[in-house]
1. Only one of (1) assigned to a helix (DSSP H, G or I); (2) away from every other protein chain (no Cβ under 11 Å) fails for residue B:219. Which number is that?
2. Among the residues of region A:257-268, how many are more than 7 Å from chain B (Cβ to nearest Cβ) and either in contact with a strand residue (DSSP E or B) (Cβ under 9 Å, 6 or more places away or on another chain) or buried (at least 17 other Cβ atoms within 10 Å of the Cβ) (or both)?
3. Conditions: (1) over 19 Å from residue A:267 (Cβ atoms); (2) within 13 Å of chain A (Cβ to nearest Cβ). Residue B:175 meets all but one. Number of the miss?
4. Mind listing just one residue for me: the one in region B:1-20 that is more than 7 Å from every other protein chain (Cβ to nearest Cβ), part of a helix (DSSP H, G or I) and modelled with pLDDT under 85 and, of those, nearest to the chain's Cα centre (by Cα)?
5. What is the one condition in (1) under 21 Å from the mean Cα position of the chain (by Cα); (2) in contact (Cβ under 8 Å) with a residue 24 or more places away in the chain; (3) closer than 26 Å to residue B:81 by Cα that residue B:256 does not satisfy?
6. Can you find, within region B:60-88, the residue that is nearest to the other protein chains (Cβ to nearest Cβ) among those that are surrounded by fewer than 21 Cβ atoms within 10 Å (Cβ to Cβ) and in contact with a helix residue (DSSP H, G or I) (Cβ under 6 Å, 6 or more places away or on another chain)?
7. Inspect all residues belonging to region A:60-83 and state whether any of them is within 30 Å of residue B:260 (Cβ to Cβ) and in contact (Cβ under 8 Å) with a residue 60 or more places away in the chain.
8. Restricting to region A:74-100, name every residue that is over 30 Å from residue A:49 (Cα atoms) and either within 14 Å of chain B (Cβ to nearest Cβ) or not in a helix (DSSP H, G or I) (or both).
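The values are calculated or read from the model by the stated rules, or taken from the named source; none is laboratory data. The structure displayed is predicted, hence computed values, not measured ones. Every residue, glycine as well, gets a Cβ built from its backbone with ideal geometry; the counts of neighbours run over all protein chains shown.
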């Protein structure tokens, strides 16, 4: 009897500890604290050091020599970013390109989402899968597809010349136009999805009431549908704009020498120049620039995830 | 009627938008069967580039490496993401919940260069302080991918959790089920479809990531996107077209199976009288 009871008590105790709510829910908390939040503190720290030829290639901030703790903070990297017009131009270029691409995505994506939400029920799932499917295949390969289409001997130029519309191939690849096109192409599904989920929940009775009361459909759209889908538009725009500002692959593959985007500059600063402190300072400034959009997106997403429950 | 006019405008946009999304992929597929190396010249049908692809040791070993990392990352991300989803939808009064929910939504939009750089700096600092990781490679990529994939899993699972009928869980507990048993017997089967789609989403995200993996990887671990990227940088290559075709086919097949299963489940639900 005793021999049987003891292990039971023991497993009971182990179980109580292991499956305690706090313990179970503490795991993801600690994981994210360690692998998401702490790294940002390190980026901030290293952005305040100066680069040296060493492994790792930066000076320590805190030094303990002869019982004195010395803290060396170097704001030189930030002053350097301000003094060199290249960096300011790169930030401005990124924001401009990302904004333009977001607007184009919205103009294409909103009508698509609208048509999907109004489609018969059994079609909606198929259409949703069709819009999302490209984003599940390789991002890299979808950007690469445009290299073959836009190039000087590419498909589009050959086609236009065959039609006789142009005599010389147009320079489309390695231009800012190609970068915007690439971002729109790659991020369009992320614009359509939140707008669709928003529109599909729209109360149809409101629209019926409006039309019963003699509202014309365009007026109904402007005064009811559009304001009620504001949250979806905001979420979709943030899902496109924020990652697009830091985009590296698209400007690298489709952009030209005059394409200045901050993601690419950061990459080159880190991998080619091996200047970790400047790369970190670039990341911190980018993060500050994106703080407001990120907070806006978080507020929307948190509301989405918390309702009902 | 005015109404049908605006309706058909959006319909036209939907068709055009879908064409815009699919034409470039269609071009890739067609040109993967081109015998010529040049993009603009069609030199007849050939499966030559597929043969080349399967003889490329570098690509094959990178595929294997990427598949393994994606499998481990997706599995871990499902565990972490599901726990996060539970905290966010169920434990309204828990301390630190707001912090957790911001840490889980931020990776959805965080530019990859920032995530990659910050994680690399963490791993370098860890190596200095606690002596691990000595070499960056599979393990560090696994941690990085798990972290950002968890966010996507949490979104998918919390959407499903909101629809779970709490009264069934409460009934089970009233009848003497422990919370743990209730989870496995009642909640888990209900959210299982979300876990599967979350796992698949995390798998494709991990398989596709170039930027974060480039930052946190060492010389030992080369993933498929890294190989594709270094080859694509040089220009268009028919071998990559063949690889792209295979990826598109695989994803389409899985999406088709998912659609078929969902449709069948939907029909079953409609057939049961009390649903």
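1. (1)
2. Here is the first cut: in region A:257-268, the residues more than 7 Å from chain B (Cβ to nearest Cβ) are A:257-262, A:264-265, A:268.
Going one step further and asking which of them are either in contact with a strand residue (DSSP E or B) (Cβ under 9 Å, 6 or more places away or on another chain) or buried (at least 17 other Cβ atoms within 10 Å of the Cβ) (or both), we end up with A:259-262, A:264-265.
Of the residues in that region, 6 qualify.
3. (2)
4. Here the residue is B:8.
5. All conditions are met except number (2).
6. Step by step, filter region B:60-88, then rank; the result is B:76.
7. Let us first name the residues in region A:60-83 that are within 30 Å of residue B:260 (Cβ to Cβ), namely none.
Taking every residue of region A:60-83 in turn, none turns out to be within 30 Å of residue B:260 (Cβ to Cβ) and in contact (Cβ under 8 Å) with a residue 60 or more places away in the chain.
8. At the first step, the residues of region A:74-100 found to be over 30 Å from residue A:49 (Cα atoms) are A:96-100.
Of everything in region A:74-100, those that are over 30 Å from residue A:49 (Cα atoms) and either within 14 Å of chain B (Cβ to nearest Cβ) or not in a helix (DSSP H, G or I) (or both) turn out to be A:97, A:98.
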